[in-house]
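Here the structure comes first, spelled out in structure tokens, and everything after it is commentary.
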Amino acid sequence: MRVLLRGVDILGENRADVLLEKGCIVRIAPSLSISADKVYDLDGAVLLPSLCDIHTHSRQPGSDESETLESFSKAAVHGGVTMACTMPNTNPVVDNPAIVSYLIREAKRIGLIDIYPVASITMGQEGKILTEMAQLKQSGAVAVSEDGKSVESARLMRYAFEYAKTVGLLVMVHCEDPSLSEGGVMNEGDVSLRLGLRGIPEISETIGILRDLEIATYVGARVHICHISLGRSVKIISRYKRFYPHLITCETAPHYLIFTEEDVEGYPTNFKMNPPLRREQDRKTLLRAIKSGKIDCIATDHAPHPDWEKELEFELSPFGVVGLETWLSAVVHYFVNSGQLTWRDVKRLCCDRPREILGLSPIDLTEGNIADLVVIDPKREWRVEAKSLFSRGKNSPFLGKVLKGKVLLTIKSGKVVFEDV
Ligand SMILES: [Zn+2]
């Protein structure tokens, strides 16, 4: 199968024709007059490597109400994603090799994306007994995490870092001190007071980060800090990174770069996530930090919920929003089209660094490399609506918004897995 992409702007820089064959990029030239099984006229749409999302919730194994691996895979490729790390807070919890293998195998069977499972730190995420990390790694887990919450016992966390270090597994930490955040539903501050909602203070996140950075660096283990939402967190992490640059990485999510606590006005449950949306100054600091590289990458924290759960009142509805399908579009709409980020920044934040964190090398858009690609038209507009999303979860903060930037093609190993040309 030969696929010819005509007139793509490689990384938004050079217009070229790109020929794909046997899963690879075989020719790149200003103009190719070659026959192919499939030819796409792309007229200046931008070519990037497909995205790697290191923080998602597939909800599988579990009930099919929120998501199935099929709908999850379709949502991913709709967003230009062909690799996703899935978090273990499922039902049952991903705490044994059988579930890890199941996820990898099922994703392969569906054939749209690769799943890189993250297993739990403790059995059943109960915070009592460590999982068998050596076996989990052997079965294909790329990291361990207690995401959704933190491991309460610092002593157990120390053992977790020691074990993970011994077997060479990454620990992805959800940093939250539950004694400070308990009962909170949004950022603590003037807005929460005005709305009469219980707040989650900044120190819940920063104390969590400080504890886990202290333990990880004491042990000498690799740590990845999930979904940071605060300017203060950037400062703390940067301080530790100066001394332990090879041990520490971190991520933020698109919603923290785009929205703030002010968006919680009116109690929209699609703006309820944990950690919560913070203040405008935090949003600005996070944006500067992704630009400068202080924050390594962007991940979606895609967290589908069925409508009936998100239709509950704000206090009762669960935390989390979907993000796979709007990730690249939103980054392009808000930051690339406005000149705040370059296409090279997007490649670094959404493709290269996430792969490096998993121990994989970046994909370069040159001849001979694997054809894991996305083509996005930065000028095409689309309205985000429940019916336009493939995920079973329609809980997107972008619902009703028009985004300028639409994925036209997602290609995995030379095969077109999503198409909207
Ligand atoms: Zn998460």
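Tabulated data for the structure shown
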| quantity | calculated |
| --- | --- |
| Of all accessible heavy-atom area on region 50-357, the percent that carbon and sulfur account for (1.4 Å) | 51 percent |
| Volume of the Cα convex hull of the chain, divided per residue and given in Å³ | 126 Å³ |
| Mean Cβ neighbour count within 10 Å, used as a protection proxy, ranking 28-34, 355-361 highest first | 355-361, 28-34 |
| Under 23 Å from Lys404, Cα to Cα: lysines that are on another chain or at least 8 residues apart | Lys74, Lys284, Lys291, Lys347, Lys379, Lys387, Lys394 |
| Protein-only accessible surface order, largest first, of Trp327, Trp308 at 1.4 Å | Trp308, Trp327 |
| Per-residue SASA entry for Ser35, accessible area with 1.4 Å probe, Å² rounded to 10 | 90 Å² |
| Under 14 Å from Lys310, Cα to Cα: aspartates and glutamates that are on another chain or at least 8 residues apart | Glu65 |
| Relative contact order [Cα under 8 Å, 6+ residues apart], region 50-357, whole percent | 17 percent |
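The values are calculated or read from the model by the stated rules, or taken from the named source; none is laboratory data. No experiment lies behind these values; they were computed from the predicted model shown. With ideal geometry, Cβ positions are generated from the backbone for all residues, glycine too; neighbour counts draw on all protein chains shown. Side chains are part of the model used for accessible areas, which takes the heavy atoms of the whole protein and leaves out ligands, DNA and RNA. Shrake-Rupley method; radii C 1.70, N 1.55, O 1.52, S 1.80 Å.
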